[in-house]
Amino acid sequence: MNWFCEEQTPGLKLCFKYRELLHSEETPYQKIEVYDTEEYGRILLLDGKVMLTEKDGFIYHEMLVHPAMGYLKKREKVVIIGGGDGGCLKEVLKYPVKEVYVVEIDRRVVEVSKKYLSFLASSFDDPRVKVFYEDGYKWLKEREDKFDLVIVDSTDPVGPAEILFSDEFLRVVSEKSFLYVTQSESPFLHVDFLRDFLKRVKKYFPYPLVYLAWIPTYPSGMWSFVMGRKRDTDIPDSPPPGLRYYTPRLFEASRVLPVFVWKRLYSP
Ligand code: AG3
């Protein structure tokens with residue numbers, strides 16, 4: 001039996017026993033790999049980092065999408081930046097949205113996901129979806145229209161995704177949308193990143209929310225999300241049926257932060 005490991009920190013690896021390496025390639029942007037593993041089913045890796053697994057990916061995708069979708073009064077135009085595996089897209093399409101724009105820099109992520117992760121990526125065939133293979137920051141900056149929600153489903157904030165956590169990007173997002181949500185790394189391992197990032201978000205979205213979810217295959221298993229809001233929001237709508245993690249009550253609870261996180265984020 002073979003094993004592969006993600007190096008989560010210089011001192012920590014998470015290893016998976018796998019049946020088969022289904023795909024491996026280097027694109028101009030990154031290395032893409034898909035493994036079939038014993039515990040977690042199929043796993044998509046970008047540059048050696050776990051993006052999603054068949055078994056726990058629903059937690060991440062539901063928590064990235066449904067809190068913000070629940071707050072929207074108008075759900076006509078939604079943008080997903082990154083998200084080439086289709087996991088977020090699948091959740092967004094559960095609502096009667098008019099158009100969803102997926103802006104993924106690497107065309108091969110979509111193609112490989114369609115082939116090996118069809119449980120997620122079949123959503124690309126929906127007529128409401130428009131896919132752009134472009135840099136998300138540039139794409140958004142050049143669009144003249146406005147959106148109801150911008151979702152950032154990125155890799156870690158190093159390399160190509162770094163820009164998606166920058167001041168310039170946040171300014172552009174705030175010009176195009178009232179509501180915004182992103183994944184924001186592990187509050188256990190990267191709390192200083194989260195603290196700095198939250199300060200930046202607050203400049204453009206004065207009512208930000210931080211919330212957490214438990215994602216076993218991400219570094220430390222404890223994961224954070226930041227939602228940028230221009231104003232306070234009402235009670236979220238009921239989600240579509242059939243979800244496996246998110247409920248509005250769970251979302252409320254997910255905003256109650258452990259002391260060590262809360263202190264780092266909010267004490268002077
Ligand atoms: N977005 C990635 C989260 C980062 C995980 N980091 C890591 N494993 N080091 C996932 C994209 C799934 N649609």
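Once the stretch 1-135 is represented by equal point scatterers at the alpha-carbon sites, with solvent omitted, what log10 I(q)/I(0) does the Debye formula produce at q = 0.13, 0.16, 0.17, 0.22 Å⁻¹?
Normalising to I(0) and taking log10 leaves -0.57, -0.83, -0.92, -1.34.
Can you give the accessible area per residue of the chain, in Å², using a 1.4 Å probe?
46 Å²
For the chain, what is the Kirkwood estimate of the hydrodynamic radius, computed as the reciprocal of the mean inverse distance between distinct Cα atoms, to one decimal in Å?
One decimal place: 18.7 Å for the Kirkwood radius.
Quick check: convex hull of the Cα atoms in the stretch 127-167, volume per residue, rounded to a whole Å³?
Convex hull volume per residue, Cα atoms: 106 Å³.
Report, by chain and number, residues whose modeled amide H sits under 5 Å from the one on LEU179, excluding near sequence neighbours (fewer than 5 apart, same chain).
Amide H neighbours of LEU179: VAL150.
Given the options TYR35, PRO67, VAL191, identify the residue whose Cα lies farthest towards the positive end of the charge dipole of the chain (+1 on Cβ of Lys, Arg; -1 on Cβ of Asp, Glu).
The listed residue farthest towards the positive side: PRO67.
How would you order 105-111, 13-19, 149-155 from highest to lowest mean count of nearby Cβ atoms within 10 Å?
By packing density, highest mean first, the sequence is 149-155, 105-111, 13-19.
Relative contact order, percent, of the stretch 3-52 when contacts are C-alpha pairs under 8 Å separated by at least 6 residues?
Relative contact order of the stretch 3-52: 28 percent.
Relative contact order for the stretch 57-266: what is it in percent, counting Cα pairs under 8 Å that are at least 6 residues apart?
Relative CO of the stretch 57-266 lands at 22 percent.
Counting only DSSP beta bridges with both residues in the chain, what percent are antiparallel, rounded to the nearest 5?
Just about 65 percent of them are antiparallel.
As I understand it, the dipole of the chain uses +1 on the Cβ of Lys and Arg and -1 on the Cβ of Asp and Glu, about the Cα centre. Which of PRO240, THR53, THR217 lies farthest toward its positive end?
Selected residue: PRO240.
Longer than 22 Å from Cα to Cα, which of LYS31/LYS130; LYS115/LYS138; LYS74/LYS230 are they? Say none if no pair is.
LYS31/LYS130; LYS115/LYS138
Can you figure out the FRET efficiency of ARG75 with ASN2, using R₀ = 45 Å and their beta-carbon distance, to the nearest 0.05?
Plugging the Cβ-Cβ distance into 1/(1 + (r/R0)^6) gives 0.55.
Tell me which residues come under 5 Å, amide H to amide H, from LEU52 once H is placed; ignore anything under 5 positions away on its chain.
LEU44
By how many nm would the segment from GLU134 to GLU99 lengthen if fully extended, with 0.36 nm per residue of separation less the alpha-carbon distance?
Answer, rounded to one decimal: 10.8 nm.
What is the dipole size for the stretch 1-159, taken about its Cα centre, with +1 at each Lys and Arg Cβ and -1 at each Asp and Glu Cβ, in debye to the nearest 20?
560 debye
Consider a paramagnetic label point 7 Å from the Cα of LYS203 along Cα→Cβ; state which residues of the stretch 112-155 have an amide N under 17 Å from it.
No residue passes the distance filter.
Pop a pseudo-label 7 angstrom from the Cα along the beta-carbon direction at both ARG19 and LYS146 and give the gap in nm to one decimal.
5.0 nm
How large is the helix-only mean residue ellipticity at 222 nm for the chain, computed as the sum of -39500 (n - 2.57) over DSSP H runs with n ≥ 4, divided by its residue count, in deg cm²/dmol to the nearest 500?
Only helices count here, giving -8500 deg cm²/dmol.
The values are calculated or read from the model by the stated rules, or taken from the named source; none is laboratory data. Because the structure is a prediction, the values reported are computed rather than measured. For neighbour counting, all protein chains shown are included, and Cβ atoms are generated from backbone atoms with ideal geometry for every residue, glycine included. Surface accessibility is based on the protein's heavy atoms, side chains included, excluding ligands, DNA and RNA. Shrake-Rupley method; radii C 1.70, N 1.55, O 1.52, S 1.80 Å.
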